[in-house]
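Before any comments, here is the structure.
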Amino acid sequence: MGRIRIFIGLILVAVAAAACEKVVDLDLDNAEPKIVIDASLNDNYQYHFVRVSRTYSFTEPNSFNGVAGAKVVLSIPGLDVNLREVEKGVYRTPRMRGMPGTGYTLNVTVEGVTYTSTSYMPEKVYLDSLSFKRLSFFGEENTYVAANFNDPANAQNNYRYLLTVKDKVEEDDVSDDRFNNGNVISNVLYHELDKLKTGDTLEVELQSINRDVYKYFFSLEQITGGGGPPVSPANPPSNFNNGALGVFNAHTSSRRNAVIQ
């Protein structure tokens with residue numbers, strides 16, 4: 001008898017649940033597309049790229065929505081460099097190197113509207129070495145790589161770290177020197193390396209970045225949950241005007257490589 005009551009109760013719950021089902025149409029407003037500019041200039045003699053795109057509406061595919069036909073000009077006092085479009089939405093400088101201690105202005109004109117950003121390239125800080133550390137979290141031990149360098153004492157310094165493992169970027173972190181100004185820094189990049197095999201490669205790039213660029217990547221890290229639980233969705237603070245999203249990052253670059261033995 002008890003089993004029958006339980007069976008009847010389950011039927012009633014299922015019927016009630018079915019009766020409560022309702023088709024909900026989500027009214028998703030499509031925001032006006034915005035221009036997104038991803039621009040990078042470093043102190044190495046090479047091509048430098050600016051990527052210009054538009055945001056998608058909620059229902060469109062998430063891929064690079066490049067903007068063709070933009071006018072892109074990189075300027076320092078007395079010199080304008082016109083970038084050439086090499087594929088849709090991707091613009092390239094001639095081979096050149098940025099100079100530390102120099103401010104650069106980037107103008108991107110799309111359909112008669114010009115988006116401008118000025119980015120100052122800080123003095124170079126060299127990545128001295130990489131080291132490997134065994135660390136334990138929640139009872140599980142893993143190997144991580146640390147970037148080691150000397151922080152200059154005469155300025156506020158901001159850093160970006162890019163860890164590339166087997167040709168794929170696995171970590172993109174930032175830090176500043178508020179608590180270790182003028183000290184030797186050993187910054188651990190928290191990507192587990194225990195699954196790597198002999199012959200696998202990794203590279204760490206240390207970028208010296210200005211404060212506006214630091215704020216952009218720090219906010220991006222918080223939004224995506226890289227620095228802990230994700231925060232409320234928002235756009236990171238761009239250093240372009242006229243409502244463009246993205247960042248112009250004039251930075252120095254120092255790299256170290258390692259091969260797993």
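Each value in this text was obtained by applying a stated rule to the coordinates, not by laboratory testing. Values in this document were obtained by computation on a predicted structure and should not be read as measured data. Cβ sites come from the backbone with ideal geometry, for glycine too, and all protein chains shown count toward neighbours.
Residues of the stretch 66-99 with the amide nitrogen closer than 17 Å to a label point 7 Å from the Cα of residue 105, along Cα-to-Cβ, please.
Inside the label zone: 71-83.
Is there a pair in 133/168; 34/124; 34/168 whose C-alpha atoms are over 23 Å apart, and which pairs would that be? Please report the intermediate quantities before stating the final value.
On the way: 133/168 21 Å; 34/124 34 Å; 34/168 28 Å.
Those over the limit are 34/124; 34/168.
Could you go through the stretch 63-73 in sequence order and give the Karplus-derived ³J(HN,Hα) for each residue, using 6.51 cos²θ - 1.76 cosθ + 1.60 with θ = phi - 60°, rounded to whole Hz, and x for Gly and Pro?
8, 5, 9, x, 9, 8, x, 6, 9, 10, 10
Within the stretch 200-222, name every residue whose backbone N is under 15 Å away from a label modeled 7 Å from Cα of residue 135 along the Cβ vector.
No residue qualifies, since no backbone N sits under 15 Å from the label point.
Over 10 Å intervals from 0, what percent of Cα-Cα pairs in the stretch 107-261 sits in each interval?
Binned Cα distances yield the sequence 10, 33, 34, 17, 5, 1.
Which whole-Hz ³J(HN,Hα) couplings does the stretch 80-94 yield from phi under the Karplus relation 6.51 cos²θ - 1.76 cosθ + 1.60, θ = phi - 60°, glycine and proline marked x?
Along the stretch 80-94, the couplings run 10, 10, 8, 8, 9, 6, 9, 7, 4, x, 10, 10, 10, 6, x Hz.
Quick one: Karplus J couplings for the stretch 132-138, per residue in order, coefficients 6.51, -1.76, 1.60, θ = phi - 60°, nearest Hz, x for Gly and Pro?
So the Karplus estimates, Gly and Pro as x, are 10, 10, 9, 10, 10, 10, 6 Hz.
Using amide H atoms built in the peptide plane, which far-off residues or other-chain residues are under 5 Å from residue 200 H to H?
So residue 200 has HN proximity to 260.
Given H placed on each backbone N at 1.01 Å, which residues far from residue 115 in sequence or on other chains put an amide H within less than 5 Å of it?
Excluding prolines and chain starts, which carry no amide H, the hits are 108, 109, 110.
Would you please put 150-157, 101-108 in order of how densely packed they are, using the mean number of other Cβ atoms within 10 angstrom per residue and starting with the highest?
Details: 150-157: 14.4, 101-108: 17.5.
My ranking of the peptides, most packed first, is 101-108, 150-157.
Residue 209's amide H: which non-local residues (gap 5+, or another chain) put their own amide H closer than 5 Å, with H modeled 1.01 Å from N in plane and none for Pro or chain starts?
158, 159, 160
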